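Asks: To start, I am sharing the structure in question, which I have written as structure tokens.
The values are calculated or read from the model by the stated rules, or taken from the named source; none is laboratory data. Note that this is a predicted model, so its numbers are computed, not measured. Counting neighbours? That spans all protein chains shown, and the Cβs are built from the backbone with ideal geometry, glycine included.
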Amino acid sequence: MKRKEGQKQRFAALVKELWGEYKSEFVFFVVLVLVMSLGHWLSRFLPADLLDSVIIPFQATTIMTICLTGAWLMFRHTDGSSVRKAWAWTLLMWGLLETVLVTLEALWHIPVFSVGTEPPSSLYIVMGNILGWCLILYPTEALRPGWLNLRRAMYQVLPLVLLLVVDYLVPLNLSPLFTLYPLVLAAYLVSHVRAYRLWCEENYSSMDDIDSQWIVRYLAMLTVVGLSFFYICVTDNPARLFMQDILLFVLFLYSTEKILLRRDPWEGVQVNEEGVLTDTEGGIVNAEGRVDSTGGQMENAANRAKLEQWMKEEKPYLNPDFRLIDLRTVLPLNRTYLSQLIHTEYDCTFYQYVNTYRIEEAKRLLRENPGMRIEDVASGSGFSSREVFTRVFSKETGLTPREWSKNV
């Protein structure tokens, strides 16, 4: 009984932790589903002729323009980032396909898929699945850089090919089943989000522009795209393409802006010939995001003393862009050992370690300057914004900065 109670408590604690971390992403997903469902229902009242001759061609042309322009921008600003290259290739493939569809419709009046009430053709379903798989290239590279090579890509597409063969040989309609296959791949990626977040926290003191919440939101949008595609394949709604194209428009535009402005947290990490992640100095980064030191035995106590003295005297944490590799100023060691040192000596990530100094600095400012604005306290203690400061401070102390100041 005690063992079962302990398991229940651990499960409840895990659920509570996940809810605290991804509550806003869950709300984002639910709102997205509700908006899409409402949009699909309202689109039934649009005239089929208007959809067929004006709205759908206009949407396809808009998506084509966004994808080709976005691909051009991403290729120009890849800066050696494999993550940006993955998204650039995704945009290029979508843009070229939309170009073919628009050209067929405009010049030869050959629609690949009509907005009428007939079921979608096998060609459309296959095309949708392949393009859905393309949308997974970016999060795969973002969460597991270097993992997806040509061989693994073929393995991912193989189940889809087998389903198509079975669908052709067996007198059953399996189309709805394999329209959901890209969602299976997306669900698999969710299991790597926590490892990705751990890697970011072990190397950066600020999660701005690189936090895992953006990946979760992208996967949420991808899930809704997949559900919308499933709806297209099982319904006779003549306006079934309308909301799907609107969602793709938002997905491509929003994601391109986000990916273009986000920092690549894997900067300085390479993939060796065996497919193992290593840093530029040769330290191994394992699949869980932890790092293993490959150097000899070091004097941890001496290094810890040097580090703490430097942190107290120089206060490098006041820089919002303070990174793990900046510790080389006082400890000329590789990234691998630096991360292991923090984890071993303080039992936390670099992000958590730096925030302890920032919180203490914020408390000092609040004590010595009771009337100081929260924005000034945040910037004066090294936080990138008031929102981030309030969230971290409240999580650490259980009180908002203003409440803590009043209690003091």
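Asks: Modelled with pLDDT under 80 and not assigned by TED's automatic domain parsing to the domain that holds residue 378, is that true of residue 245?
Replies: In short, no.
Asks: Residue 79 is checked against (1) at pLDDT below 90; (2) in a helix (DSSP H, G or I); (3) over 27 Å from residue 191 (Cβ atoms) and fails just one. What number does that condition carry?
Replies: (2)
Asks: If residue 256 satisfies all but one of (1) in a loop (DSSP other than H, G, I, E, B); (2) at pLDDT 85 or above, what's the number of the condition it fails?
Replies: (1)
Asks: Moving on to the next point. So which of 397, 390, 344 ends up being modelled with pLDDT under 90 and in contact with a Phe, Trp or Tyr (Cβ under 7 Å, 6 or more places away or on another chain)?
Replies: After ruling out the rest, the residue left standing is 397.
Asks: On to the next question. How about segment 128-166: which of its residues are loosely packed, with under 13 Cβ neighbours inside 10 Å and aromatic (Phe, Trp, Tyr)?
Replies: 155
Matching residues to (1) of a type in the set (Val, Ile, Thr); (2) under 19 Å from residue 213 (Cβ atoms):
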residue: 352; (1), (2): no, yes
residue: 358; (1), (2): no, no
residue: 390; (1), (2): yes, yes
residue: 408; (1), (2): yes, no
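Asks: In this structure, is residue 232 at pLDDT 85 or above and either of a type outside the set (D, E, K, R) or surrounded by 19 or more Cβ atoms within 10 Å (Cβ to Cβ) (or both)?
Replies: So residue 232 does not fit the description; no.
Asks: Report every pair of residues separated by at least 6 positions or lying on different chains whose Cβ atoms are under 7 Å apart, first residue within segment 293-313 and on the phi < 0 side of the Ramachandran plot, second surrounded by 10 or more Cβ atoms within 10 Å (Cβ to Cβ) and at pLDDT below 65.
Replies: Going by the 7 Å Cβ cut-off, the qualifying pairs are 293/283; 294/282; 294/283; 294/284.
Yes/no per residue for (1) touching a Ser or Thr at 6+ places or on another chain (Cβ under 9 Å); (2) polar (S, T, N, Q); (3) at pLDDT 75 or above; (4) not assigned by TED's automatic domain parsing to the domain that holds residue 262:
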residue: 122; (1), (2), (3), (4): yes, yes, no, no
residue: 162; (1), (2), (3), (4): no, no, yes, no
residue: 191; (1), (2), (3), (4): no, yes, yes, no
residue: 203; (1), (2), (3), (4): yes, yes, yes, no
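Asks: Looking for something among the hydroxyl-bearing types (Ser, Thr, Tyr), touching an Asp or Glu at 6+ places or on another chain (Cβ under 7 Å), modelled with pLDDT of 75 or more and crowded, with 18+ Cβ neighbours inside 10 Å - is there at least one such residue anywhere in segment 36-49?
Replies: There is no residue in segment 36-49 that is among the hydroxyl-bearing types (Ser, Thr, Tyr), touching an Asp or Glu at 6+ places or on another chain (Cβ under 7 Å), modelled with pLDDT of 75 or more and crowded, with 18+ Cβ neighbours inside 10 Å.
Asks: Please go through segment 357-402 and give me each residue that is without any contact (Cβ under 8 Å) to a residue 12 or more places away in the chain and of a type in the set (D, E, K, R), ordered by number.
Replies: 360, 364, 368, 373, 375, 376, 387, 391, 395
Asks: Can you go through 331, 318 and tell me which one is at negative phi and modelled with pLDDT of 90 or more? Lay out the reasoning, then the answer.
Replies: Details: 331 fails: modelled with pLDDT of 90 or more.
Just one listed residue meets the conditions, 318.
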